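Undergrad: Before I ask anything, here is the structure I am working with.
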Amino acid sequence: MWEYLKLHEQFIREALGGTCGEVRWEGLREFHDRQIAWMQHERIIHLIVTMFVALFAILALLYVSVRPDWASGALAGLLLILTAAYILHYFRLENGVQRWYHLANRIDERLGKVGARYEDGKIDRFESRS
């Protein structure tokens with residue numbers, strides 16, 4: 001999923017940079033919005049999975065504290081490692097989608113819509129070209 005996210009971002013940046021020829025901005029915006037919707041679905045699924053794995057890790061830790069043995073300790077350790085991996089993956093997914101929102105604002109700017117870009121800690125407003 002991470003590779004897909006990076007490749008789509010590269011594609012959009014190339015379109016915005018003018019390195020891929022003539023661009024139909026309306027079509028690009030629709031395509032980008034569809035990709036954002038798919039990634040938002042991925043985010044919610046990964047959030048749910050992350051929360052359940054973390055819950056089971058906590059339950060396993062509680063079990064180890066009540067009835068310590070090597071099997072329950074191994075299970076708790078495995079679930080903690082899995083929780084850390086899921087949190088890292090979710091963090092990367094979340095930040096990638098946040099970058100895509102900024103790209104959507106740049107596409108809107110090319111379309112001549114009224115809006116703003118929120119980058120580098122500042123607001124860059126853009127107005128309609130009508």
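Undergrad: Out of ARG29, ARG67, I need the residue that is within 30 Å of LEU111 (Cα to Cα) and either out of contact with any helix residue (DSSP H, G or I) (no Cβ under 8 Å at 6 or more places or on another chain) or not hydroxyl-bearing (Ser, Thr, Tyr) (or both). Which one?
TA: ARG29
Undergrad: Also, I was wondering about something else. Out of all the residues in the stretch 37-52, which are more than 30 Å from ASN105 (Cα to Cα) and surrounded by 15 or more Cβ atoms within 10 Å (Cβ to Cβ)?
TA: Within the stretch 37-52, none qualify.
Undergrad: Out of the residues in the stretch 100-115 that are among the charged types (D, E, K, R) and in a helix (DSSP H, G or I), which is nearest to the chain's Cα centre (by Cα)?
TA: Per the criteria, the residue is ARG106.
Undergrad: Could you tell me whether the stretch 43-54 includes any residue that is among the charged types (D, E, K, R) and out of contact with any helix residue (DSSP H, G or I) (no Cβ under 6 Å at 6 or more places or on another chain)?
TA: No; the residues of the stretch 43-54 include none that is among the charged types (D, E, K, R) and out of contact with any helix residue (DSSP H, G or I) (no Cβ under 6 Å at 6 or more places or on another chain).
Undergrad: Working only within the stretch 15-28, note down all residues that are outside any loop (DSSP other than H, G, I, E, B) and loosely packed, with under 13 Cβ neighbours inside 10 Å.
TA: GLY17, GLU26, GLY27
Undergrad: Taking the stretch 1-14 as the search range and keeping residues that are in contact (Cβ under 8 Å) with a residue 40 or more places away in the chain and part of a helix (DSSP H, G or I), which one is farthest from ALA104 (Cα to Cα)?
TA: TRP2
Undergrad: Separate question: Just to check your reading of the model, which residue among LEU79, LEU61 is at pLDDT 95 or above, under 23 Å from MET1 (Cβ atoms), over 22 Å from the mean Cα position of the chain (by Cα) and assigned to a helix (DSSP H, G or I)?
TA: LEU79
Undergrad: Kindly indicate whether TYR118 is surrounded by fewer than 16 Cβ atoms within 10 Å (Cβ to Cβ), touching a residue at least 12 places away in the same chain (Cβ under 8 Å) and not in a helix (DSSP H, G or I).
TA: yes
Undergrad: Something else about it: Pull out all pairs, ordered by first then second residue, where Cβ-Cβ is under 7 Å, the residues are six or more apart or on different chains, the first lies in the stretch 94-108 and is at positive phi, and the second is outside any helix (DSSP H, G or I) and modelled with pLDDT under 90.
TA: none
So that you can scan it fast, the table gives a plain yes or no per residue for (1) assigned to a helix (DSSP H, G or I); (2) buried (at least 17 other Cβ atoms within 10 Å of the Cβ); (3) of a type in the set (A, V, I, L, M, F, W, C):
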position	(1), (2), (3)
GLU30	yes, no, no
GLN35	yes, yes, no
ALA54	yes, yes, yes
ALA71	yes, no, yes
GLN98	yes, no, no
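The values are calculated or read from the model by the stated rules, or taken from the named source; none is laboratory data. All values derive from a computational prediction rather than experimental measurement. Ideal geometry is used to build each Cβ from the backbone, glycine not excepted, and the neighbour counts take in all protein chains shown.
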